[in-house]
1. Please report the relative contact order for chain B, taking Cα pairs under 8 Å with a sequence separation of at least 6, and give it as a percent rounded to a whole number.
2. Taking the label point 7 Å from Cα in the Cβ direction, how far apart in nm is B:A39 from each other copy of itself, listed shortest first?
3. Longer than 21 Å from Cα to Cα, which of A:K72/A:K95; A:K171/B:K171; B:K95/B:K171; A:K54/A:K84; A:K84/B:K84 are they? Say none if no pair is.
4. How far apart, in nm, are the 7 Å Cα→Cβ label points at B:A62 and B:E227?
5. Kindly list the residues of the stretch A:230-264 that lie in the label zone of A:T200, defined by a backbone N under 14 Å from the point 7 Å along the Cα-to-C-beta vector.
6. In Å and from the alpha-carbon atoms only, list the Rg and Dmax of chain B.
7. Give me the net charge of B:V244's neighbourhood, meaning all other residues with Cβ under 13 Å from the Cβ of B:V244; Lys, Arg count +1, Asp, Glu -1.
8. So, in nm, how far is label B:S243 from label A:S55 when the simple model puts each one 7 Å beyond its Cα toward the Cβ?
Number of protein chains: 2
Amino acid sequence: MTNSEIGANGQTLSGDIIPLRPSSAAQKICPHNSTVSCASCRLNELCLPIALNKSEIHQLDAIVERNRPYKKGEHLYRQSDEFKAVYAVRSGSFKSYFLSNNGQGRVTGFFLPGEIIGMDGIASHRYANSTAALEHSSVCEIPFTQLERLSHELPNLQHHFFAIMGNEIAKDQQIHTLLSSYTAEERTASFLLGLSSRYTRVSLSPTRFLLPMTRGDIGEYLGLTVETVSRILTALQRKGLVSVSNREIELLDIESLRGIISTS
Amino acid sequence: MTNSEIGANGQTLSGDIIPLRPSSAAQKICPHNSTVSCASCRLNELCLPIALNKSEIHQLDAIVERNRPYKKGEHLYRQSDEFKAVYAVRSGSFKSYFLSNNGQGRVTGFFLPGEIIGMDGIASHRYANSTAALEHSSVCEIPFTQLERLSHELPNLQHHFFAIMGNEIAKDQQIHTLLSSYTAEERTASFLLGLSSRYTRVSLSPTRFLLPMTRGDIGEYLGLTVETVSRILTALQRKGLVSVSNREIELLDIESLRGIISTS
DNA sequence: ATTGAAGCTTAATCTATATCAACTATTCAC
DNA sequence: GTGAATAGTTGATATAGATTAAGCTTCAAT
């Protein structure tokens, strides 16, 4: 199993990012313009509108709230807040994390443009995680009650939202396998390849990107310490598979990275 | 976080088990009778019919297929088979596992009566795992296309199925946290408490039950080796927290088991 | 009832990764 | 722009759990 094809199935709603070239050193996700409509949104092909016709998109558009942008570190919601909406990332990125009794947190997910946040709250009516912006970011807020109502009216939307949730379930199970049997190097390679394909989805470079999260975040997500993540990245660089400079990363040899995983 | 309250939200369809006392040594899940209807099913209170009225239950009933029982080791489906249906466990138990390139498998989930199997296939139209019976078991098969169609007609059913999927997502994220930060003892304690509350859901004893899976299965699920699982169980027994004899297990001190987890 | 295979346990040893520690580089707030 | 805080790196050491190995137990098939 590789993470590299996770998320092939549609995932979001109403995005707005610049599908730019791997220009200078790395990419930049830009305008947090909140005046777009789903119909005109650059992300609509990989998002909830995917299977909808013009009139349906218009109906969806009507329930979407385009909030002000979030600053780095700002929270979308906190663990055990009442569940009211799911969010589609329009620009920037977010992390979800779970705080345990003793106060230490573990990152449970990262979210890039075109991905849906908050589905863990659907069953219990409370969010199971906190979610915070990793950089200046914007989202579309989709009140869940209204999404349910509209899904009832639009079978395409219902179908697609079932698919989004199913995709999340399949992805979480892949992570289960990753955490229960991969070495630190395999986890890291899989993580980088996963990011690569997620950036590809939104028309960004598959080989050059900025990591929006800290090494500590990556470690918490992968079940490793910061030190191990740092060492593995250094080692991968030494082997010529990647080139790392702070948050900038370039994947130099994707095939070999895949090779690391497929031996496990 | 503890696993002990995972699965509070409804999960299944059309069950048939004996809600028996912790009689002799352990419980026994019994008849694989396939003539029940959802309306008369003992599990209907924690299953898809939960929020449906009589007529709605009847409609649901009409799309459910009650297959012949599965023998131990028999497969419900195999990894990458075409996705056609989800399954509700009526009696017995199942495990899902993912086979990686090199042929070694990892268990991704266990399923007890009243739980839904196969949602990982919804997005990609292929099952991501194989699923096999751990003992003589029976299921209700729910063809997904028909479930979708009916969900469209019955808002209650749509709502409830969203909840079931949301619950699965929340549960998978808890396992993510467990695997990325718990010790072997914490994982094992959490696993036992999780089983306990799942047995409670179906009116079986919370403190005495039979493990339907091998130590090896538990290890694959928790990211540990058989040897470690065995050692931890022995250690918990020595501390007086559990009593283990082969597949029979008794939780002697649930509070202390919880204590093991809540320090993490 | 007998036997072989599968499941389980226990012990000794090894190793991947955590932990501890010290240092450097970046970022952010003033 | 400066200093404090945060993030990242590298090295030395410790350790939880893997691996290896061997024997024991249970179960299912004949």
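1. Numbers: 518 pairs, mean separation 61.6, N = 264.
Result for chain B is 23 percent.
2. Between copies, matching label points for B:A39 lie 4.8 nm apart.
3. On the way: A:K72/A:K95 11 Å; A:K171/B:K171 13 Å; B:K95/B:K171 16 Å; A:K54/A:K84 27 Å; A:K84/B:K84 32 Å.
Distance filter (> 21 Å) returns A:K54/A:K84; A:K84/B:K84.
4. Distance between the two pseudo-spin positions: 5.9 nm.
5. A:251-259
6. When restricted to Cα atoms, chain B yields Rg and Dmax of 18.1, 55 Å.
7. On the way: positive: B:R208, B:R215, B:R231, B:R238, B:K239, B:R247; negative: B:E248, B:E250.
Result for the neighbourhood of B:V244: +4.
8. The modelled label-to-label distance comes out at 6.9 nm.
Throughout, read-outs are computed from the coordinates displayed, never taken from laboratory work. Here the structure is a predicted model, which means the values were calculated and not measured. Reconstructed Cβ throughout: ideal geometry from the backbone, glycine too, with neighbour counts over all protein chains shown.
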